[in-house]
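The next block holds one structure in the form of structure tokens; read it before the comments.
The values are calculated or read from the model by the stated rules, or taken from the named source; none is laboratory data. Nothing here was measured: the structure is a model prediction, and the numbers come from that model.
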Amino acid sequence: MSLSTTIFSFLVLFSSCFGNASNRPSHNNQKENTNWIITDLLKSGELIAETTGNPKLTESPYGKAVWFDGEDDGLWLDELPLKGLTEFTVEMIFCPDSTQAPFEQRMLHIGEDRGDRMLLELRAVNGNWYFDGYAKSGENKKALIDEQLTHPLGQWYHVAFVVTPNSMTTFVNGTQELTEDFPFLPIQSGATSIGTRIDKRSWFKGAIYKIKITPQAIKPIDFMAF
């Protein structure tokens, strides 16, 4: 066998084993997790486009958290971590306050004001609260909410909202609460508000430690520690 034939055979073998680098999946094209420790957001101010009221630092079992007064404390970010995602998991560690708690409260709003959006909400009544995971996608909208699934106010909780192309599911402290079929298409525009709805109403009263967004639908075993 000639030298040129040997080299050609080697190149063919190398190509078949390793493939063309341009055709192999690139991890750089995959979205990464979003991890917001709210104290860090407030201190650095790098991502914050607007602050209203006077959100304050407070103690939590996990470290410093941010306190929202339920009247006009809120943070707005020119960030859209859900953009283009066909599925995702949004988690939050927070403590809803038990003193004169407003009935309707929005902890997190991502997306447009009236258009495609995702919200983490709660309803407070008689010293308790119940979770509401909400999404709007095109002409479809749904709130996963059940007033029978209550939890005491004034304690720290982990909530998760898992959305896939055809379903939505809510969890509180790792336990599934509600799940429904829902045709979801990716959110493509908007921003983020923390401690309020994006149009400055339905203010949250309590403390938020951390928000995590995973660009996949994950299981409770993979939720962040709380």
Looking at the range 166-184, is at least one residue within 17 Å of the chain's Cα centre (by Cα) and farther than 15 Å from G133 by Cα? no
Run T6 past the list (1) under 29 Å from A225 (Cα atoms); (2) β-branched (V, I, T); (3) at pLDDT below 95 and report the number of the one that doesn't hold. (1)
Among the residues of the range 191-214, is there at least one that is more than 26 Å from K43 (Cα to Cα) and among the acidic types (D, E)? no
